[in-house]
Ligand SMILES: CC(=O)c1cc(-c2ccccn2)c2ncccn12
């Protein structure tokens with residue numbers, strides 16, 4: 001059960017929740033919402049050593065596993081790069097991953113994050 005009081009005390013968690021919601025908006029088809037299922041993606045777990053998806057990132061926020069913004073950004077990049085590794089260029093998933101990575105990193109630039117205060121230092 002999420003202890004709301006501790007959520008208030010953890011400004012980083014609240015920031016990451018907000019950033020995650022904004023990133024998820026860039027995945028309207030929800031290709032990245034859940035772990036990739038080997039039944040839809042033959043051989044996926046042989047090719048992708050470290051799977052990542054938005055639901056896993058959400059769980060890591062709730063479990064207070066992200067110690068910094070950079071760790072969060074690394075998982076976002078991992079998720080997109082996994083999709084660009086497994087799926088051939090030209091596929092719907094490869095194209096969606098490129099667009100998501102591009103749009104997501106634009107949201108995570110210092111000038112976009114600066115207004116969120118000095119909690120990132
Ligand atoms: C992100 C990704 O690589 C992915 C998501 C999916 C996916 C995501 C939601 C519903 C159906 N498929 C997928 N299917 C086959 C091969 C790769 N994928």
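Across the alpha-carbon set of the chain, the Rg to Rh ratio works out to 0.99, Rh being the Kirkwood radius.
For the chain, relative contact order (Cα pairs under 8 Å, six or more residues apart, normalised by length) works out to 25 percent. Listed by Cβ neighbour count within 10 Å, with the fewest neighbours leading, 99, 114 appear as 114, 99. The Cα-based radius of gyration of region 37-98, divided by its Kirkwood radius, gives an Rg/Rh of 1.01.
No value in this document is a laboratory result; all are computed from the given coordinates. No experiment lies behind these values; they were computed from the predicted model shown. Heads up, the Cβs are rebuilt from the backbone with ideal geometry, glycines too, and the neighbour counts pull from every protein chain shown.
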